[in-house]
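So the structure is just underneath, and the comments pick up after that.
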Amino acid sequence: MNKNTVAILGAGIVGVSCALELQRRGHEVTLFDRTAPGRETSYGNAGVIARSSLMPFNHPGLWSVLPKLLKNTAASFRYDPAFLAKNLSWAVRFLASARASVFQETTTALDALIRLSTSEHRRLLVEAGAAHRLRTNGWLFLYRSEEGFAGSRLSRETFDRFGVATRVLDAKELSDLEPHLKPLFPRALWIQDTDSVDSPGRVVEAYARLFVSRGGQIKQVSISGLGRSGAGDALQLREEGGAVHEASKVVLALGPWTREFAKKSLGISVPMAFERGYHMHYSAVGNASLGRPVYDTGGAYVLSPMEQGLRLSTGVQLAQRDAPKNFVQLELAERAAREAFPLESRLEPEAWMGSRPTLPDSRPIVGECPQRPGLWLAFGHQHIGFNTGPGTARLLASLMHGEPCDIDPLPFAPGRFLR
Ligand SMILES: Cc1cc2nc3c(=O)[nH]c(=O)nc-3n(C[C@H](O)[C@H](O)[C@H](O)COP(=O)(O)OP(=O)(O)OC[C@H]3O[C@@H](n4cnc5c(N)ncnc54)[C@H](O)[C@@H]3O)c2cc1C
């Protein structure tokens, strides 16, 4: 068995980025996915690569809005009570991570991962011939009232503390920047340190093509099991059809499917919840357009200009990953977006849905699995996996090679949750 072989499970942004980085370091890499690369969560996101994403959902300001969120009527957050009851220990740990000390650790860790990822994305976009998809003109947080803006103080202070370049805009400055937005927002925050792309799915496809052009292999199969071969150190992957593949190392990058796979195949309990979200594409009235993604904080949606049209993405729906879709937040988001921008028609018959895979401290797990040499983990990227896939790959590859890492690996260590 060639000691240099790596099998990567999952060809979303995280798996594909890991494949490229490990290949660059001389490994013989095979990517396994039951669909084509970048067709699941990494397809449907808002395409934002933002320094501001260092703010996790569970920050200290969550406590003051929690009573309102628990009423289960907000557009920004809904939950299935049965899912919450079943995942109570996840919820308790998630809330416990909103305290100031964990917030400090998480923002510091995510800031480093995001900065590393931004430069990696820029390099990869050029190498993959996809640089034309990149915008470097920031994104906008929109506020429907002065009170709404005042309520964003913790975020703004955090951005300042980490040196994220922002500019506060009044209604006139906002209208100069995005003239097709309706005059609904007295204030906006322009997060200038932000890139975005016009099709995250196509970007992952381009990265996967780059991997193949450099000699990498992609196998479109569903993997049903993972174990150790009787002879020696090799790990064995079992295809649903029964075929077996061997590799000296395996990287688990199954996004929201990791929890189920780790339990069934390895008996490992991963504390992951699913923050489901929806998107729909729209045409615009006349020649109305947006130059960059906008986040309407009061309306609880992001509207991003995409190749397919204007992509409206919704907030969080905490529910079982495969439970039936519930479009209530999309309907509320659409109503709010129509107040803010001249949207015309829906461009698809049904909304897309995906699940943000979230661990209790809002940091991904990146590193070797405790007690299972050769099994490497890269999952749990919550709202920012499209952004942080390439930085995750750098971190994982440095750890695998026993080299100094670009960023502190400890906040991402698997031992936080796995024994
Ligand atoms: C509405 C919404 C908006 C978002 N907006 C942003 C954003 O603007 N910026 C940002 O950075 N992030 C955003 N995110 C989050 C981001 O999309 C995710 O964090 C990221 O895509 C996770 O990537 P992944 O590679 O871990 O998972 P995935 O992309 O889901 O990849 C996992 C892969 O595993 C495969 N797989 C699963 N089981 C098996 C099996 N048994 N055998 C073989 N293959 C299998 C799947 O087919 C899939 O391709 C958003 C998410 C949502 C839902």
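Assorted remarks:
- Considering each residue of the range 329-337 in turn, at least one proves to be within 30 Å of ARG93 (Cα to Cα), over 22 Å from the mean Cα position of the chain (by Cα) and assigned to a helix (DSSP H, G or I).
- Considering residues of the range 360-393 that are under 12 Å from the mean Cα position of the chain (by Cα) and assigned to a loop (DSSP other than H, G, I, E, B) only, the residue nearest to the ligand (Cβ to nearest atom): HIS381
- Taken together, ALA231, ALA284 contain a single residue that is modelled with pLDDT under 95 and either surrounded by fewer than 22 Cβ atoms within 10 Å (Cβ to Cβ) or in the same structural domain as ASN387 (by TED's automatic domain parsing) (or both), which is ALA231.
- Residue pairs whose Cβ atoms lie under 7 Å apart, sitting 6 or more positions apart in sequence or on different chains, and linking a residue in the range 235-257 that is part of a loop (DSSP other than H, G, I, E, B) to a partner that is of a type in the set (Lys, Arg), are SER248/LYS3.
- Unmet requirement for ALA100, which otherwise passes all of (1) of a type in the set (A, V, I, L, M); (2) in contact (Cβ under 8 Å) with a residue 40 or more places away in the chain; (3) surrounded by 14 or more Cβ atoms within 10 Å (Cβ to Cβ): (3)
- Hey, LEU69 closer than 23 Å to THR158 by Cβ, outside the structural domain of GLY163 (by TED's automatic domain parsing) and either among the charged types (D, E, K, R) or modelled with pLDDT of 95 or more (or both) or not: no
- Applying the set (1) away from the ligand (no atom under 16 Å from the Cβ); (2) in contact with a Phe, Trp or Tyr (Cβ under 7 Å, 6 or more places away or on another chain) to LEU62 leaves exactly one unmet item: (2).
- Near pairs, Cβ below 7 angstrom, 6+ apart or cross-chain, from the range 23-43 (within 20 Å of LEU226 (Cβ to Cβ)) to any residue that is small (Gly, Ala, Ser) and more than 15 Å from the ligand (Cβ to nearest atom): VAL29/GLY216; LEU31/GLY216
- Members of the range 132-157 found to be part of a helix (DSSP H, G or I), of a type outside the set (A, V, I, L, M) and either touching a Phe, Trp or Tyr at 6+ places or on another chain (Cβ under 6 Å) or exposed (fewer than 13 other Cβ atoms within 10 Å of the Cβ) (or both), listed by number: HIS132, GLU146, GLU147, PHE149, ARG153, GLU157
- Looking only at the range 40-53, and only at residues there that are under 18 Å from GLN220 (Cβ atoms) and near the ligand (Cβ under 6 Å from one of its atoms), the one that is farthest from the chain's Cα centre (by Cα): GLU40
Let's see how each residue does on (1) closer than 27 Å to TYR301 by Cα; (2) in the same structural domain as ARG78 (by TED's automatic domain parsing); (3) within 11 Å of the ligand (Cβ to nearest atom):
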site	(1), (2), (3)
GLU239	no, no, yes
VAL244	no, no, no
LYS249	no, no, no
PRO256	yes, no, yes
LYS264	no, no, yes
MET280	yes, yes, yes
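- Those residues of the range 270-327 which are of a type in the set (A, V, I, L, M), in contact with a Pro (Cβ under 8 Å, 6 or more places away or on another chain) and not in a strand (DSSP E or B), in sequence order: MET272, VAL285, ALA288, LEU290
- Candidate set from the range 1-38 (those that are of a type in the set (D, E, K, R) and more than 6 Å from the ligand (Cβ to nearest atom)); member that is modelled with the lowest pLDDT: LYS3
- In the range 342-359, the residue that is surrounded by the fewest Cβ atoms within 10 Å (Cβ to Cβ) out of those that are among the hydroxyl-bearing types (Ser, Thr, Tyr) and within 15 Å of the ligand (Cβ to nearest atom) is SER355.
- Test: SER89 is part of a helix (DSSP H, G or I) and either within 15 Å of the ligand (Cβ to nearest atom) or surrounded by 16 or more Cβ atoms within 10 Å (Cβ to Cβ) (or both): no
- Those residues of the range 171-226 which are farther than 22 Å from ALA284 by Cα, in a loop (DSSP other than H, G, I, E, B) and in contact (Cβ under 8 Å) with a residue 60 or more places away in the chain, in sequence order: ASP193, ARG214, GLY215, GLY216, VAL221, SER222
The values are calculated or read from the model by the stated rules, or taken from the named source; none is laboratory data. Just so you know, these numbers come straight off a predicted model, no measurement behind them. Positions of Cβ are generated from backbone atoms using ideal geometry, with glycine treated the same way; all protein chains shown enter the neighbour counts.
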